[in-house]
Amino acid sequence: MPGRPAERRPGVLRSPVGLSYAVVALLCIVVAADVFSLFAAAGLRNLMGTAYSVTALEQALSVTDAAGVVQGVAQFATAVVFIIWFHRVRANADEFAPDLQRRGRGWAIGGWFVPIGNFYLPRAIAADIWAASRQDPYGTGKQEPHTIVNVWWMAWLVANLVNGIAGAQYDMAQTADEFLAGADAFIVGSLTDIGAALLAVVVVQRLTRMQLTKAVRRAEQAAV
């Protein structure tokens, strides 16, 4: 366990609160888009069990495609703002406990785009930020464990894997059975994505609150 560093002159903290509101709002939009995709996939699935016409199939596929576009736009916008928020809380972590940060600030952005590395780097960075944002960064962590970070990250990985499989199955579908399999995969993908988005909301809110509380206490101590 690292020892406590010598006291240093406080630097500048930038509030992540406003960004957290934006991220949470966008994550709610992602959930709404996932619900749209869920109903679109369910409609396609139900159609496969009937003597459907070509027109009915084209309409169902059109709705499913539209849901995919809405999902993509919502997820892209959310990813951009989330990464900005992520970099903000990572910068603040340098003011709380810089020696606990195993990677530079740039990795809070770059880590998401490194092939293979993006499967573990963001989680590791989030865990370091969480440690620095605790009331006692150099304690055991039992009071404020980062379990929610691990659960969110696993859900996010599973959601991406399932949605990738669902997209591939849907794109290659030609027969009723193949469309049915694609619809089922989309339903599972939408459900896992909803779970990951809701867990992300919890992570963003808790980490933002931890940093805000720590910043207020630091300001009070400086004023004494």
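The values are calculated or read from the model by the stated rules, or taken from the named source; none is laboratory data. Fair warning: this is a prediction, and the values are worked out from it, not measured in the lab. Heads up, the Cβs are rebuilt from the backbone with ideal geometry, glycines too, and the neighbour counts pull from every protein chain shown. Remember, those area values only see protein heavy atoms, side chains included, never the ligands or the DNA or RNA. Shrake-Rupley method; radii C 1.70, N 1.55, O 1.52, S 1.80 Å.
Scanning the stretch 136-149 for residues that are open to solvent by 50 Å² or more (accessible area, probe 1.4 Å) and either out of contact with any helix residue (DSSP H, G or I) (no Cβ under 7 Å at 6 or more places or on another chain) or aromatic (Phe, Trp, Tyr) (or both) gives ASP136, THR140, LYS142, GLN143, PRO145, THR147. Looking across the stretch 33-60, the residues that are open to solvent by 60 Å² or more (accessible area, probe 1.4 Å), in a helix (DSSP H, G or I) and either among the aliphatic types (A, V, I, L, M) or over 18 Å from VAL162 (Cβ atoms) (or both) come down to ASN46, VAL54, THR55, GLU58, GLN59.
Sub-6 Å Cβ pairs linking a first residue in the stretch 152-171 that is within 20 Å of TYR120 (Cα to Cα) to a second residue that is open to solvent by less than 30 Å² (accessible area, probe 1.4 Å) and hydrophobic (A, V, I, L, M, F, W, C), at least 6 apart or interchain, are TRP152/ALA200; TRP152/VAL203; ALA155/ALA196; TRP156/ALA196; ALA159/ALA196, ordered by first then second residue. Per the conditions (1) of a type in the set (Lys, Arg); (2) at pLDDT below 95; (3) closer than 26 Å to TRP130 by Cβ, the sole criterion not satisfied by ARG90 is (2).
Need a quick list: helices (runs of 4 or more DSSP H) entirely within the stretch 107-224 having at least 2 residues that are within 16 Å of the chain's Cα centre (by Cα), within 26 Å of LEU13 (Cβ to Cβ) and aromatic (Phe, Trp, Tyr). Show your work before the answer.
Details: elements: 107-110, 121-133, 147-172, 176-223.
It comes to 147-172.
For (1) of a type in the set (Asp, Glu); (2) at pLDDT 95 or above; (3) open to solvent by 50 Å² or more (accessible area, probe 1.4 Å), each residue gets a yes or a no:
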{"position": "ALA155", "(1), (2), (3)": "no, yes, no"}
{"position": "TYR170", "(1), (2), (3)": "no, no, no"}
{"position": "THR175", "(1), (2), (3)": "no, no, yes"}
{"position": "ALA200", "(1), (2), (3)": "no, yes, no"}
{"position": "VAL203", "(1), (2), (3)": "no, yes, no"}
{"position": "THR208", "(1), (2), (3)": "no, yes, no"}
{"position": "ALA219", "(1), (2), (3)": "no, no, yes"}
{"position": "ALA222", "(1), (2), (3)": "no, no, yes"}
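Figure legend. Inter-residue proximity from the stretch 1-26: first residues of a type outside the set (A, V, I, L, M, F, W, C) and in a helix (DSSP H, G or I), second residues modelled with pLDDT of 95 or more and open to solvent by 80 Å² or more (accessible area, probe 1.4 Å), beta-carbon distance below 7 Å, spacing 6+ or different chains. Indicated pairs: SER20/GLN205. In the condition set (1) touching a Gly at 6+ places or on another chain (Cβ under 6 Å); (2) of a type outside the set (Gly, Ala, Ser); (3) within 17 Å of ASP94 (Cα to Cα); (4) open to solvent by 10 Å² or more (accessible area, probe 1.4 Å), PRO122 is compliant with all but (4).
Per the conditions (1) at pLDDT 95 or above; (2) within 23 Å of the chain's Cα centre (by Cα), the sole criterion not satisfied by ARG14 is (1). Among the criteria (1) open to solvent by 50 Å² or more (accessible area, probe 1.4 Å); (2) at pLDDT 95 or above, the one ALA79 does not fulfil is (1). Being touching a residue at least 24 places away in the same chain (Cβ under 8 Å) and out of contact with any strand residue (DSSP E or B) (no Cβ under 7 Å at 6 or more places or on another chain) is a description that applies to ILE109.
When you check ALA91 against the structure, is it closer than 30 Å to ALA219 by Cα, in contact (Cβ under 8 Å) with a residue 24 or more places away in the chain and among the aliphatic types (A, V, I, L, M), yes or no?
Values: closer than 30 Å to ALA219 by Cα: yes; in contact (Cβ under 8 Å) with a residue 24 or more places away in the chain: yes; among the aliphatic types (A, V, I, L, M): yes.
Here the answer is yes, as ALA91 does meet what is asked.
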